[in-house]
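Enquirer: Below is the structure I would like to discuss, written out as structure tokens.
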Amino acid sequence: MIELSRQKIPALVLDFHGQFGDPQGAFIRQSHTRCVDAADGLPFSPFEVSVTNGKSDWKHNSAAIADIFAYVVGLGGMQKDLLLNAIQDAYKAHGYAADAKDLQTLPTIDEVLKYIELREQKQKIRNVAARCRAILEMDLFSSESQSMSLLDQIRQGLVVDLHNLMSEEHQIVVGAFVLRKLYRDMFSWGPANSIRLVVVLDEAHRLAKDITLPKLMKEGRKYGIAVVVASQGLNDFH
């Protein structure tokens, strides 16, 4: 990673133990990479959509969010379907089902939780809110006014320090949303003939089931993104 910085190649690092983001550590001292503490909230909304991805982007994003929560908290098929519908309910409440030309305001975490609870009562399906609440109420995302800043930070190199989060479950969901944010944004970068960014995942077993990581590894090279995954056992890898 230090050698990459010498070659002017930035790194996006998901740091589960805090060693890469240590201001006195070798990497930060020599690369001057910025570090953000995930416990302070990620500077984007998980519900953000893009007009360039078409009118149905909110539906695709709803499905991706439901997939992330399903594997992190262990939802069954019917529970995952309820969560998907609740997320879409929140989007619809902001006008996304209408044929609007302009982007609408984004749903909030509290709204999604409310629609989950309403659908649980209506559909007689239990434990979706109970399983998701610990994540939804943790303030893992900061204000939407900063939603565009993360892309610029990633392009210059960024350490996302996860070690101050309360549990491994929170670390995994934050890592999942950071990878999804990068995957969605990379298409706006355009094709590249050289490496623009290296994604570094130490303790790779924690994100072994991530739904975005395989897509990022397959499609990222075209946009100048390389991925390094590291773990102590081969069984941690597909």
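The values are calculated or read from the model by the stated rules, or taken from the named source; none is laboratory data. Just so you know, these numbers come straight off a predicted model, no measurement behind them. Positions of Cβ are generated from backbone atoms using ideal geometry, with glycine treated the same way; all protein chains shown enter the neighbour counts. Accessible surface is based on the protein model in full, side chains and every heavy atom, while ligands, DNA and RNA are left aside. Shrake-Rupley method; radii C 1.70, N 1.55, O 1.52, S 1.80 Å.
Enquirer: Among Gly95, His205, Ser56, whose Cα sits farthest toward the positive end of the charge dipole of the chain (+1 at Cβ of Lys/Arg, -1 at Cβ of Asp/Glu, about the Cα centre)?
Expert: Sorting the options by dipole projection puts first Ser56.
Enquirer: Give the accessible surface of region 158-238 per residue, rounded to a whole number of Å², with probe radius 1.4 Å and ligands, DNA and RNA excluded.
Expert: Per-residue accessible area for region 158-238 comes out at 50 Å².
Enquirer: Positive end of the charge dipole of the chain (Lys, Arg +1 and Asp, Glu -1 on Cβ, about the Cα centre): tell me which of Gln19, His163, Phe44 has its Cα farthest that way.
Expert: Phe44
Enquirer: Order the following by accessible area, largest value first: Thr33, Thr105. Probe radius 1.4 Å; ligands, DNA and RNA are ignored.
Expert: Listed by decreasing accessible area, they come as Thr105, Thr33.
Enquirer: Also, I was wondering about something else. What residues have an amide H closer than 5 Å to that of Leu42, excluding those fewer than 5 places away on the same chain, when H is modeled at 1.01 Å from N in the peptide plane?
Expert: Result for Leu42 returns Phe141, Ser142.
Enquirer: If DNA, RNA and ligands are ignored and the probe is 1.4 Å, what is the ranking of Ile9, Ile211 by accessible area, most exposed first?
Expert: Ile211, Ile9
Enquirer: Under 5 Å between amide hydrogens, which residues at least 5 positions from Val227 or on another chain qualify, with H placed 1.01 Å from N in the peptide plane?
Expert: Counting only residues 5 or more places away or on other chains, the set is Val199.
Enquirer: Averaged over all directions, how much area does the convex hull of the C-alpha atoms of region 1-55 cover when projected, in nm²?
Expert: Projected over every direction and averaged, the Cα hull of region 1-55 covers 5.5 nm².
Enquirer: What translational D, rounded to a whole number of µm²/s, comes out for region 152-238 from Stokes-Einstein when the hydrodynamic radius is the Kirkwood one over Cα pairs, at 4 °C and 1.567 mPa s?
Expert: 95 µm²/s
Enquirer: Could you give the length gained on full extension between Met217 and Ala63, defined as 0.36 nm per residue of separation minus the Cα-Cα distance, in nm?
Expert: 53.4 nm
Enquirer: Can you give me the C-alpha center-to-center distance between region 164-238 and region 1-68, rounded to a whole angstrom?
Expert: Cα centres, region 164-238 to region 1-68: 9 Å.
Enquirer: Rounded to the nearest 0.05, what FRET efficiency is calculated for Asp110 and Ala134 with R0 set to 22 Å and r the Cβ-Cβ distance?
Expert: FRET efficiency, Asp110 to Ala134: 0.90.
Enquirer: Let me ask you something else. Kindly write out, for region 215-225 in residue order, the coupling ³J(HN,Hα) from the Karplus curve 6.51 cos²θ - 1.76 cosθ + 1.60 (θ = phi - 60°), rounded to whole Hz, with x marking Gly and Pro.
Expert: Result, ordered by residue: 5, 5, 6, 6, 9, x, 4, 4, 9, x, 10 Hz.
Enquirer: May I ask for the Rg/Rh ratio of the chain, computed from Cα atoms with Rh as the Kirkwood radius, given to two decimals?
Expert: Across the chain, the Cα-based Rg/Rh ratio is 0.97.
Enquirer: To the nearest 20 Debye, how big is the dipole of the chain about its Cα centre, given +1 on the beta carbon of each Lys and Arg and -1 on that of each Asp and Glu?
Expert: My answer is approximately 760 debye.
Enquirer: Additional query: With the calculation restricted to Cα positions, what are the radius of gyration and Dmax of region 151-197 in angstrom?
Expert: Cα-based Rg and Dmax for region 151-197 come out at 12.9, 40 Å.
Enquirer: Work the Kirkwood hydrodynamic radius out for region 1-134: mean of 1/r over every pair of different alpha-carbon atoms, inverted, in Å.
Expert: 17.5 Å
Enquirer: Rolling a 1.4 Å sphere over the protein heavy atoms, what is the accessible area per residue of region 26-97, to the nearest Å²?
Expert: That works out to 42 Å² per residue.
Enquirer: Related question: Can you send over the carbon and sulfur percentage of the accessible area for the chain, probe radius 1.4 Å, protein chains only?
Expert: 50 percent
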